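Trainee: After the structure tokens below, expect a handful of questions from me.
The values are calculated or read from the model by the stated rules, or taken from the named source; none is laboratory data. Only a predicted model underlies this, so the values are computations on that prediction, with no experimental measurement involved. Using ideal geometry, Cβ is built from the backbone for each residue, glycine included, and neighbour counts are taken over all protein chains shown.
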Amino acid sequence: MSERVLELKNLHKSIKGKKIIKGIDLELFSGEVLGFLGPNGSGKTTTLRMIVGLIRMTEGEVIIAGHSIGKDFVKAMKNVGCIIENPEMYDYLSGWENLKILASMEKGISKERMKEVVSLVGMEKRIDDKVYTYSLGMKQRLGTAQAIMKRPKLLILDEPANGLDPAGISEFRKLIQKLAHEESMAVLVSSHILAEIEMMCDRVAIIKQGEVVQVTTVKNIVKDQGIIWKIKELQQGKKLLEEEFQASVQIKEDQTLLAFLGEELVPMVNKRFMEEGLGLIYVNKNQKSLEDLFLSLTEGDEIV
Amino acid sequence: MLKSIKKAIWPITLASVIIALPFFIFGIFQSFDVTRGAGDNNGVADGENLVENSPEEEEVENEDVYVLTLGDSLARGTGDEENLGFAGRTVEKLEQALGVPIRHENYSLEGLQISEMIEQLKNEELLGEIQKADMIMMSIGGNDLRGLRGLSDNERMNAVQEAENRYEEDLDEAIRRIREENPEVLVVFLGLYNLDYSGENLEETEILLRWNSITYQRIEEEGNFVWIPTYDLFQFRLSNTLSPDQLHPNGSGYEMIANRITEVITPYFQSD
Amino acid sequence: MKLYSLVGNEVFKIIMKKRLWVIVGILIILIGLFAYGEHYTRERTQSQIAERIGIDDVDDWREITNQQLMDLERRLDNPFIPEEGRASIQVRAEQLRYYLSEDINPTTFSAAQFMSNFMEQSIFLFLPLLIILLASDIVSKESTTGTIKLLMTRPVPRWKILTSKLLALTILEMIVILLMATIALGISYITFGQGGFKEPVITGFRIVNGELDVSNIQTVSRGTYILMTYSLGYIVAFSIGKMALMVSVLVKSTAASIGIMMSSLIGGTFLSFFISDWEITRYLFNVNLRLTDFLSGDLQPVEGLSLSFSISILLLWALAATVVAFGVFSYKDILD
């Protein structure tokens, strides 16, 4: 029962005459984690703010669970939990008091649910302390708690890993994936920590200068691009691979062989290279990482 | 415990406001009630009206009798419930008696002493009015005299002698200035009454009588000056004729004085 | 009725912030100083006067009042007093004469008297200052700290959010007035010892065409008089609060918010001194703050004001400010 939870239609935003967002279309379905990736100034935060109604769009529509933000703000936002930029809270109140205030603004968040969420983010011990005593990581966790309290269909996270230590990041990732896969939340995460996006997200949307330049699944990016061998006798290696393994082979500029064949054949190939004394130096997967893709797409960007 | 206090904050706040609200509404209505009817001119001293009647009025036809009043709070009418004083009441009676309209300007000031009156008599505008006047009513000297109250016997002797000398000189100066400006005008000068006829304060009574006599003697040297005694008027009816401040006459007191003045000066006008 | 809990949240937030307690602290210190000062001055004046006219019993109020009256009358002799000054002395002298004739003692000082005096003196500057301190935070601070985002991303329309803040502010304005009354009562009771709520007070003096008009004079109990002054105080608090709210919505920094309100408050008063003949000055809110002067028959700085006029002007300003606040708040982009 995959539902289209978020739809961005032809989103435009101009500020003081300058076009910041130039027509974004995007879709997000329940149960998936979408990463929102882009260099500074590309319009990530602006777009997220438009989704939750903090900024008015100049043109276009944002539809959440079938309700338009523009026409049906309340019904749309009932389905949304979010942290925009920093997780600010009322620091002269305790974590619990903050949650209570926010919960009272919506229907259907019981005390039990609040407690459940607090333990889910691991804040039981400090929840009654005043927020000004919290570290950044704790504030992040409290922020996440407030966002998921109401079991939203759509979860929007702006730079959620900010301030978390590696352990925290890992925990967080597990939490997000749990929410998406077990509770069918649609999660939209914006970040510039590529490794995290790679590990956390199912799909990635890359935004550059106010436009989405590519939307792709993470799997596609990291999908197999062949195997690379660095050996001394390149020509002989190529011949061997073509004849014995029916692989298509290229000799690359950097004096390596790029061959397309099943991974399971690699040990055999290695054995054959060694038997023939072709001087095997190393063997590697040829992978484009997200970073490569990102850099290639956003190459040459000046700060706008 | 702290938690339950915190929980109670909002309800208590709201409750106290709701309770206070009717009181505030009452207060506002009362405020409107008390300031009701306040017209547009509420609030500012139109200094001219309060202090001086502007002498910048149109030239009056010379047929009208023009009466000027100078002097201290007695001339102002302090203590009179109807705010007329002897001056206003005399003018009313005179109008009735003579059957002519009378124009009246009152330049008296509270607490005026004779030396200050002399300063007033240097003012060009005032002198101009004096020139036009047909009659001037004056009451002065009471404040000078009051400064002599409450002294010890020793202090009194010196102070009194000095004060009387000064008064004589000042009185002479004032009369001179008026005559210079208007040689013909009728000047009506009020005598002082006593505040205590019981005979207990003989020294002060003596001073008062001497004061009055200084005035009487000087006044009668002038033509067209008349001295109006008030001492006897109040002698047997002080309690009924004094205002609550125990200093000035009240309405009936002023009425008495006005009657006497009218009686004395009406023939002057009728003989014209 | 979700608005109930929204307003409750806002009230809770304001009370938990230090700002309200700073206000309470200021009140306590200042009222303490005023009370002490008043006490000291009165005692001194009374004994000076008593000494001068040679009475031992400082409590013989008629003598003292008479003397004060005579002093005023003497002051009027000075031919160099400007006419406006002369008028106010005249008015005061008339009031004293009235007290004498009605046998009302104007010299004793009581807690109740202090309370109403305090409000009369604070209503046009000190009270607005307190309210500005209270209100300027309401939206500015949340913009600065970013918590405004929390409020705006709930499924609650923006106008409701601002309404809840507005109502919370309105409620707290009343609380500030109640605090002023309570603290003034407490401190002055300790200082002066007398309650004095039943004491009759004359009010309803009016200045009409420069003369004292005593036709509408009424006696009310001092307790009632206090209710009147404090409710007029609330009207001022209410209006200033709405304006501060508007500035808070327009301006991000709390300090700038306070600065703007304070300078318009003070600047406008200066303006009224210098250009008191312009038609336009009477429509400024700053010259219409002296509501309690209408009760005591004191003179206003600008011509032609009446209680209903001033209150209307203040409420109009409050309304306009509220409209602007809602307009901007509902449509503005939260960029950071």
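Trainee: Could you please find all residues in region B:167-182 being part of a helix (DSSP H, G or I) and touching a residue at least 12 places away in the same chain (Cβ under 8 Å)?
Mentor: The answer is B:167, B:168, B:170, B:171, B:172, B:173, B:174, B:175, B:177, B:178, B:179, B:181.
Trainee: Right, here's the next one. Would you confirm whether or not region B:143-156 contains a residue that is assigned to a strand (DSSP E or B) and more than 14 Å from chain C (Cβ to nearest Cβ)?
Mentor: Scanning region B:143-156, I find no residue that is assigned to a strand (DSSP E or B) and more than 14 Å from chain C (Cβ to nearest Cβ), so the answer is no.
Trainee: Further, regarding this structure: Determine, yes or no, whether residue C:160 is within 14 Å of chain A (Cβ to nearest Cβ) and either of a type in the set (Ser, Thr, Tyr) or surrounded by fewer than 22 Cβ atoms within 10 Å (Cβ to Cβ) (or both). Working first, answer last.
Mentor: Numbers: within 14 Å of chain A (Cβ to nearest Cβ): yes; either of a type in the set (Ser, Thr, Tyr) or surrounded by fewer than 22 Cβ atoms within 10 Å (Cβ to Cβ) (or both): yes.
Judged against the criteria, residue C:160 is a match.
Trainee: Output the residue which, of all residues in region C:254-293 that are surrounded by fewer than 18 Cβ atoms within 10 Å (Cβ to Cβ) and aromatic (Phe, Trp, Tyr), is modelled with the highest pLDDT.
Mentor: Restricting to residues being surrounded by fewer than 18 Cβ atoms within 10 Å (Cβ to Cβ) and aromatic (Phe, Trp, Tyr), the top hit is C:283.
Trainee: Taking only pairs six or more apart or across chains, which ones have beta-carbon atoms under 7 Å, a first residue in region A:66-81 that is more than 16 Å from residue A:104 (Cα to Cα), and a second residue that is of a type in the set (Ser, Thr, Tyr)?
Mentor: A:76/A:68
Trainee: Also, I was wondering about something else. Are there any pairs with C-beta distances below 8 angstrom linking a residue in region A:242-260 that is under 15 Å from residue A:285 (Cα atoms) and surrounded by 13 or more Cβ atoms within 10 Å (Cβ to Cβ) to a residue that is modelled with pLDDT under 85 and of a type in the set (Ser, Thr, Tyr), with the two at least 6 apart or on different chains, and if so which?
Mentor: Pairs that qualify, where the first residue is under 15 Å from residue A:285 (Cα atoms) and surrounded by 13 or more Cβ atoms within 10 Å (Cβ to Cβ) and the partner is modelled with pLDDT under 85 and of a type in the set (Ser, Thr, Tyr), are A:259/A:248; A:260/A:248.
Trainee: Same structure, new question: Just the residues that are out of contact with any strand residue (DSSP E or B) (no Cβ under 8 Å at 6 or more places or on another chain) and either within 22 Å of residue B:247 (Cβ to Cβ) or among the hydrophobic types (A, V, I, L, M, F, W, C) (or both), please, taken from region B:128-154.
Mentor: B:141, B:142, B:143, B:144, B:145, B:146, B:147, B:148, B:149, B:150, B:151
Trainee: For region B:231-242, indicate whether the set of residues that are within 26 Å of residue B:128 (Cβ to Cβ) and surrounded by 14 or more Cβ atoms within 10 Å (Cβ to Cβ) is non-empty.
Mentor: No; the residues of region B:231-242 include none that is within 26 Å of residue B:128 (Cβ to Cβ) and surrounded by 14 or more Cβ atoms within 10 Å (Cβ to Cβ).
Trainee: Another question, if that's okay. Name the single residue that is modelled with the lowest pLDDT among those in region C:69-125 being within 27 Å of residue C:265 (Cα to Cα) and among the hydrophobic types (A, V, I, L, M, F, W, C).
Mentor: This residue is C:114.
Trainee: Of all residues in region C:169-182, how many are more than 8 Å from chain B (Cβ to nearest Cβ) and surrounded by fewer than 21 Cβ atoms within 10 Å (Cβ to Cβ)?
Mentor: 4
Trainee: Follow-up. Report the residue count in region A:185-215 for those that are small (Gly, Ala, Ser) and over 29 Å from residue A:14 (Cβ atoms).
Mentor: Within region A:185-215, residues that are small (Gly, Ala, Ser) and over 29 Å from residue A:14 (Cβ atoms) number 1.
Trainee: Quick check on my filter: what residues within region C:262-280 are in a helix (DSSP H, G or I) and closer than 22 Å to residue C:120 by Cβ?
Mentor: C:262, C:265, C:266, C:268, C:269, C:270, C:272, C:273
Trainee: Considering region C:107-150 alone, what residues qualify as being among the acidic types (Asp, Glu) and within 14 Å of chain A (Cβ to nearest Cβ)?
Mentor: Within region C:107-150, C:137, C:142 meet the criteria.
Trainee: Considering only residues that are within 13 Å of chain B (Cβ to nearest Cβ) and not hydrophobic (A, V, I, L, M, F, W, C), look in region C:1-27 and name the one that is nearest to residue C:162 (Cα to Cα).
Mentor: Out of the qualifying residues, it is C:10.
Trainee: Conditions first: (1) more than 16 Å from residue B:165 (Cα to Cα); (2) part of a helix (DSSP H, G or I). Residue B:207 passes all but one, so which condition is the exception?
Mentor: (1)
Trainee: May I ask you to list pairs of residues, at least six apart or on different chains, whose Cβ atoms are under 9 Å apart, with the first in region B:16-34 being surrounded by fewer than 15 Cβ atoms within 10 Å (Cβ to Cβ) and the second being among the aromatic types (Phe, Trp, Tyr)?
Mentor: Pairs that qualify, where the first residue is surrounded by fewer than 15 Cβ atoms within 10 Å (Cβ to Cβ) and the partner is among the aromatic types (Phe, Trp, Tyr), are B:23/C:230.
Trainee: Same structure again: Of all residues in region A:51-96, count the ones that are within 9 Å of another protein chain (Cβ to nearest Cβ) and over 28 Å from residue A:119 (Cα atoms).
Mentor: So the answer is 7.
Trainee: Does region A:13-34 hold any residues that are away from chain C (no Cβ under 14 Å), in a strand (DSSP E or B) and charged (D, E, K, R), and which are they?
Mentor: Selection gives A:19, A:22, A:25, A:27.
Trainee: Also: Among the candidates B:54, B:108, B:16, B:115, single out the residue that is modelled with pLDDT of 85 or more, part of a loop (DSSP other than H, G, I, E, B) and within 14 Å of chain C (Cβ to nearest Cβ).
Mentor: Unique residue meeting the criteria: B:108.
Trainee: What's the total number of residues in region A:92-105 that are farther than 12 Å from residue A:128 by Cα and either in contact with a strand residue (DSSP E or B) (Cβ under 9 Å, 6 or more places away or on another chain) or outside any loop (DSSP other than H, G, I, E, B) (or both)?
Mentor: The number of residues fulfilling the criteria is 4.
Trainee: Somewhere in region A:152-170, is a residue in a helix (DSSP H, G or I) and touching a strand residue (DSSP E or B) at 6+ places or on another chain (Cβ under 9 Å)?
Mentor: no
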